[in-house]
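Q: The structure that follows is given in the form of structure tokens.
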Amino acid sequence: MFILIVLVITLIAVVLTFLILLQSGKGGGLAGIAAGGATTQILGARQAPDILEKGTWILATVFIILCILTNFVIDKGGSPESIIQQQSQTAEPVAPAPLPAPPDAEPAQ
């Protein structure tokens, strides 16, 4: 389920990117590139930006909701979170090695 949601989020992100790039800003943007300007001929001069804006808002809302929902779908099984935790659970405790005697001390007899 988690992988499916992540794939849907990725697809929405790609489509959302194209929708944002197609919107015309103050400088004109890339809106004139879409179908050679046919969108303004078919949908009218003002309807195309309205549809693109509504689509952007809808996809952005779905994107945010799905990103929040992925937190509840993540598998939180009993397995450790990292390799370090796995190794610490399987490793046996090792007694620390004795410290070497200082070089100026006399050996014990």
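The values are calculated or read from the model by the stated rules, or taken from the named source; none is laboratory data. Since we're looking at a predicted model, the values are computed, not measured. In this analysis, Cβ positions are derived from the backbone assuming ideal geometry, glycine residues included, and neighbour counts consider all displayed protein chains.
Q: Exactly one condition in (1) in a helix (DSSP H, G or I); (2) modelled with pLDDT under 90; (3) surrounded by fewer than 12 Cβ atoms within 10 Å (Cβ to Cβ) is not met by Ala45; state its number.
A: Answer for Ala45: the failing condition is (1).
Q: Between a residue in the range 70-97 that is over 27 Å from Thr10 (Cα atoms) and any residue that is outside any helix (DSSP H, G or I) and at pLDDT below 70, which pairs come within a Cβ distance under 6 Å, given they are 6 or more apart or on different chains?
A: If the second residue must be outside any helix (DSSP H, G or I) and at pLDDT below 70, the pairs left are Gln86/Pro80.
Q: Against the condition surrounded by fewer than 15 Cβ atoms within 10 Å (Cβ to Cβ) and modelled with pLDDT of 90 or more, how does Val73 come out, does it pass?
A: No, not satisfied.
Q: Let me ask something else about it. For the range 1-34, what are the residues that are at pLDDT below 70 and surrounded by 11 or more Cβ atoms within 10 Å (Cβ to Cβ)?
A: Result: Gly29, Leu30, Ala31, Gly32, Ile33, Ala34.
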